[in-house]
1. Of the DSSP beta bridges with both residues in the chain, give the percent that are antiparallel, rounding to the nearest 5.
2. Restricting to DSSP loop positions (anything but H, G, I, E, B) with no more than 10 other Cβ atoms inside 10 Å of their own Cβ, which GluC sites (Glu not before Pro) remain in segment 14-115?
3. Choose one answer from Y45, Y27, Y103: the residue with the largest mean-square fluctuation in a GNM of the chain with alpha-carbon springs under 10 Å.
4. With a 10 Å cut-off between alpha carbons and a GNM built on the chain, which of Q105, Q11, Q25 moves the most?
5. Report the relative contact order of segment 20-112, percent, no decimals, based on alpha-carbon pairs under 8 angstrom and at least 6 residues apart.
6. Taking the Cβ of E68 as the centre, find all other residues whose Cβ is under 14 Å away and add up their charges (Lys, Arg: +1; Asp, Glu: -1).
7. If I build a Gaussian network model for the chain, linking alpha-carbon pairs within less than 10 angstrom, which residue out of R91, R34, R79 has the largest mean-square fluctuation?
Amino acid sequence: MKCLTNSYCEQFNKEVLDDPEVMYQSYGSKATNRRSGHFPLNFSYPVVKKYDGDNDGLVALASMPWGERFTPLFPEGRRGITHADMIDLNRIDIMGFDVREFYVQMVSDLRERGF
């Protein structure tokens, strides 16, 4: 797990540069509390929150932006979106967020940009 520490990632990013031939972009979300997610994210959420602030149950919001464009996803409501929700792991409908439509739009956007 050493390779997931902030210091390791910072050093990795200094040594491994982005490829100029690759378009980098990122998406992120945040949970609102430990009850937003299922096991194991309901346990990791408060730990990440304590040390790094707002998070999706796995990754701190401050660590999510990467590349030329970062798109945060914050639907209305009290639940938020967890890391597992972003990949539709739990197959749960979330008010204000249609994960299947999210991916359709992501691919459509890439196609419009020539990828």
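1. Within the chain, antiparallel bridges account for around 40 percent of the total.
2. Listed in order of number, the matching sites are E21, E68, E76.
3. Largest GNM mean-square fluctuation: Y103.
4. Residue with maximal mean-square fluctuation among Q105, Q11, Q25: Q11.
5. 30 percent
6. Result for the neighbourhood of E68: -2.
7. Looking only at R91, R34, R79, the biggest GNM fluctuation is shown by R91.
Each value in this text was obtained by applying a stated rule to the coordinates, not by laboratory testing. Just so it is clear, the model here is predicted, and its values are computed rather than measured. When we count neighbours, we look across all protein chains shown, and the Cβ atoms used for this are built from the backbone with ideal geometry, even at glycine.
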